[in-house]
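The values are calculated or read from the model by the stated rules, or taken from the named source; none is laboratory data. This structure is a prediction, so every number in the text was calculated from the model and none was measured. A quick note on method: Cβ atoms are made from the backbone with ideal geometry, for glycine too, and the neighbour counts reach across all protein chains shown.
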Amino acid sequence: MVTLHSLLRWLVLLGAIAALVGYGRAVARSRMDDLAARLGSVYAMLLGLQFLVGVVLWLVQGRWDGDNFFLSFIHPLLMLGAVGLASAGAARARRSGNAVIGLVAVIASVVVIVIAVPSGSWTL
């Protein structure tokens with residue numbers, strides 16, 4: 001399960017890059033398109049899946065014990081916020097036809113993810 005969580009992070013990273021490119025292209029063209037909307041939704045879905053796997057790990061490994069306060073509470077809450085930003089941003093961008101909303105949401109969620117990832121986890 002830990003391996004799945006570790007592998008999914010790379011898919012999330014690829015999804016974030018793809019969503020940034022899609023929304024950036026749509027902003028440059030001054031119109032939202034289906035590709036940008038789909039890439040934003042795929043990124044939000046991958047991030048949600050990563051969060052779900054993380055919750056299962058959190059439960060199975062008993063992370064709620066507070067032994068490591070950051071991994072017990074801060075990491076899961078920040079990741080939940082990142083999922084919320086990505087999902088709400090993708091939905092609002094798609095509904096409003098405004099790619100800037102999606103672009104800002106992806107950037108904000110990536111910033112939250114960078115803050116939420118423990119410093120020892122940045123190895124390949």
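Considering only residues in segment 29-48 that are surrounded by fewer than 21 Cβ atoms within 10 Å (Cβ to Cβ) and aliphatic (A, V, I, L, M), the one that is farthest from Ala93 (Cα to Cα) turns out to be Met45.
Condition (residue is within 9 Å of the chain's Cα centre (by Cα), assigned to a helix (DSSP H, G or I) and under 16 Å from Leu8 (Cα atoms)) applied to segment 26-44: is it met by at least one residue? The answer is yes, given that some residue of segment 26-44 is within 9 Å of the chain's Cα centre (by Cα), assigned to a helix (DSSP H, G or I) and under 16 Å from Leu8 (Cα atoms). Among the residues of segment 80-116, those that are over 14 Å from Gly48 (Cα atoms), touching a residue at least 60 places away in the same chain (Cβ under 8 Å) and of a type in the set (A, V, I, L, M, F, W, C) comprise Ala93, Ala99, Val100, Leu103, Ala105, Ile107. Taking the criterion of being outside any helix (DSSP H, G or I), more than 20 Å from Leu13 (Cα to Cα), out of contact with any His (no Cβ under 7 Å at 6 or more places or on another chain) and not aliphatic (A, V, I, L, M), would at least one residue in segment 73-89 satisfy it? No, every residue in segment 73-89 fails to be outside any helix (DSSP H, G or I), more than 20 Å from Leu13 (Cα to Cα), out of contact with any His (no Cβ under 7 Å at 6 or more places or on another chain) and not aliphatic (A, V, I, L, M). Report yes if some residue within segment 20-28 is surrounded by 14 or more Cβ atoms within 10 Å (Cβ to Cβ), closer than 15 Å to Ile113 by Cβ and either of a type in the set (Ser, Thr, Tyr) or touching a residue at least 24 places away in the same chain (Cβ under 8 Å) (or both); otherwise report no. Yes: one or more hits. Going by the structure shown, is Gly120 part of a helix (DSSP H, G or I) and surrounded by 12 or more Cβ atoms within 10 Å (Cβ to Cβ)? Here the answer is no, as Gly120 does not meet what is asked.
Against the numbered list (1) surrounded by 14 or more Cβ atoms within 10 Å (Cβ to Cβ); (2) assigned to a helix (DSSP H, G or I), Thr3 comes up short only at (1).
Residue-wise test of (1) within 20 Å of Leu4 (Cβ to Cβ); (2) crowded, with 16+ Cβ neighbours inside 10 Å; (3) in contact with an Asp or Glu (Cβ under 8 Å, 6 or more places away or on another chain); (4) at pLDDT 95 or above.
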residue	(1), (2), (3), (4)
Val53	yes, yes, no, yes
Leu59	yes, no, no, no
Trp64	no, no, no, no
Asn68	no, no, no, no
Met79	yes, yes, no, yes
Ala93	no, yes, no, yes
Leu103	no, yes, no, yes
Ser109	no, yes, no, yes
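Does segment 90-114 hold any residues that are part of a helix (DSSP H, G or I) and over 12 Å from the mean Cα position of the chain (by Cα), and which are they? Ala91, Arg92, Ala93, Arg94, Arg95, Ser96, Ala99, Val100, Ile101, Gly102, Leu103, Val104, listed by residue number. Taking Ala88, is it closer than 30 Å to Ser30 by Cβ and surrounded by fewer than 20 Cβ atoms within 10 Å (Cβ to Cβ)? It is true that Ala88 is closer than 30 Å to Ser30 by Cβ and surrounded by fewer than 20 Cβ atoms within 10 Å (Cβ to Cβ).
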